[in-house]
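The block underneath contains the structure these notes are about, expressed in structure tokens.
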Amino acid sequence: MTLTHLNACPADEFVAAVGPIFEHSPWIAAAVVSQRPFASREALHAALCDVVRAAGEERQLALIRAHPDLVDREVRQQGARLTAESSREQAAAGLMDLAPDDIARFDRYNTAYKARFGFPFVICARRNKKEAILHAFPERLTHTRAEEIAAALEQIFEIARLRLEDLLP
Ligand code: GUN
């Protein structure tokens, strides 16, 4: 894919290509169609992130909640499907074949985090390996809800940056 093509293609094709930059949230790509053409990949990324920043807290929470837990129990036990991007990201962090005691630690942290904040823990799995993630959990559990909404969105922007670099090498 090229930026030149994305700048000129039909709107639905743009949304189909750029939509998956954000997990289960194509409304973000749809909101920037009218801002084309974008001068660079970075300009497109900035426009997408601005849509999220300008969205109300309700839609920001919906975006955060669209993310799967890392090392999700249901995914492992019931074979629930991850998006292709999520599978790749969790594999990059070394989360696909953990020992049982690490799986139990992720379960406890995921449960504690969701009980405290009401949304899943989001960290850019391609930028943070297993140990860094297990280190971040207890630290972020001490934050306020507002701090964690902001932190989750920053991580989602980083996830989106890497996905966009994959789309537009
Ligand atoms: N949930 C927590 N971190 C991540 C991530 O990096 N990617 C996805 N898809 N979901 C997550």
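The values are calculated or read from the model by the stated rules, or taken from the named source; none is laboratory data. Note that the structure is predicted; figures quoted are calculated from it, not measured. With ideal geometry, Cβ positions are generated from the backbone for all residues, glycine too; neighbour counts draw on all protein chains shown. Areas reflect the complete protein model, heavy atoms only, side chains present, ligands, DNA and RNA absent. Shrake-Rupley method; radii C 1.70, N 1.55, O 1.52, S 1.80 Å.
A few remarks follow.
- With every protein chain in place, the range 1-150: carbon and sulfur % of accessible area (1.4 Å): 54 percent
- If you plug the beta carbon distance of Ile103 and Leu61 into 1/(1 + (r/R0)^6) with R0 = 35 Å, you get a FRET efficiency near 0.85.
- Rolling a 1.4 Å probe over the protein heavy atoms gives the range 8-112 an accessible area of 52 Å² per residue.
- Debye-sum result for the chain in log10 I(q)/I(0), which assumes one identical scatterer on each alpha carbon, at q = 0.14, 0.18, 0.20 Å⁻¹: -0.75, -1.14, -1.33
- Gaussian network model of the chain, Cα within-10 Å springs - most flexible of Gln90, Gln78, Gln60: Gln78
- Solvent-accessible surface (1.4 angstrom probe) belonging to Lys129, in square angstrom, nearest 10: 110 Å²
- Taking only Cα atoms of the range 96-169, radius of gyration then Dmax in Å: 13.3, 39
- From the C-alpha gyration tensor of the range 22-81, square roots of 5λ in Å: 29, 13, 9
- Using C-alpha pairs under 8 Å with a sequence gap of at least 6, the mean separation divided by the residue count of the range 32-169 gives a relative contact order of 28 percent.
- Estimated FRET transfer efficiency when R0 is 25 angstrom, pair Arg41-Glu154 (beta carbons, to 0.05): 0.85
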